[in-house]
1. Expressed in nm to one decimal, what extension gain is obtained for the pair residue 241 and residue 65 from 0.36 nm per residue of sequence separation less their Cα-Cα distance?
2. Given a Förster distance of 41 angstrom, what is the FRET efficiency for residue 75 paired with residue 36, based on the Cβ-Cβ distance and rounded to 0.05?
Amino acid sequence: MSTLPQPDFLQNALTPNPFDDVDESTWLDVIHKMDEVYSKLIADEIELEKKNAELEQAYRELQNTHEVLKRTQQQLLHSEKMASLGQLVAGVAHELNNPISFVLGNAHALSRYCGRLQTYLAAVHAHAPDEHLQALRQSLRIDHLLEDLPSLIDGTLEGAQRTSDIVHGLKRFSAVDTEEMAFLSLVDVIDRALHWVQKGVVSSCQVHWQGAADVQVWGNAAHLQQVLMNLLQNAFDATRTAKAGQIWLSLTADDKHAQIVVRDNGHGILAEHVVRVFDPFFTTKPVGQGTGLGLSISYGIVEQHKGQLSVRNHPEGGAEFCLRLPLRQA
């Protein structure tokens, strides 16, 4: 005879409860432990929220510090440029003096010519006799004056334009640079840097400049010009004690990179100083003759342009700086 299956509720009722034998004190201990765990969870959550708030505050402070560092870097860059510009003042004064003197001399000549023309035209308007006019024309050298006027005017305009170009170049160099990047010719950048540095130094040093026809890179022309000016200025400073100062400046290119090398025939760099030349505020120049920031800032500029700036002592003597930049197509 088969046994009928029992309903679920009857089976559950007949199944012994494993917690029936647990006394009340054990339950109280369990409830107490659960309260402790819950309290710990609440405390941990409060602590986590506190840590999150501290992290957010630290992140905001880090952002503010980063902005301050960026502004400080820009100010240091501008300060170093102003220091370089200060070294060029004597050369710039000489550069401006030539066209200004030319304009001034021509202006005095034009003023004299104006007086002669006024005298001659006054006689013409007074209907003086032809004989008197002819004699006056010869004595005032009117024919020579008329032949000389175009040359004087052209020379004056040329001198004024040269002065304007110099002033414009100085304004562009001394202005705080933007971060604008563009395709640029390294030959133009090197020519401008060499021009300004040579105007600011009193030296018989001979520069051997050999460059490629046209090498273009992506970058900031003013920043790269400052790097080249710094390297060239250091090279001129290094050759002051040489009997016959020599500087070699070259620009070459391969499939991916352009390379600028600036070498001098000075005493070179001490071995223990080679690894420190790009450190901020490190300088081997006498006090008051160097900020120690030029090469450090130059190194940072080159890194921003995805390039490399290195230094070594050349086997034949003197220091050699090598600047590598990715080409336009790279």
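1. 59.0 nm
2. According to the calculation, E is roughly 0.10.
Bear in mind these aren't lab numbers, they're just calculated from the coordinates by the rules spelled out. Note that this is a predicted model, so its numbers are computed, not measured. Glycine also receives a Cβ, built like all others from the backbone with ideal geometry; neighbour counts cover every protein chain displayed.
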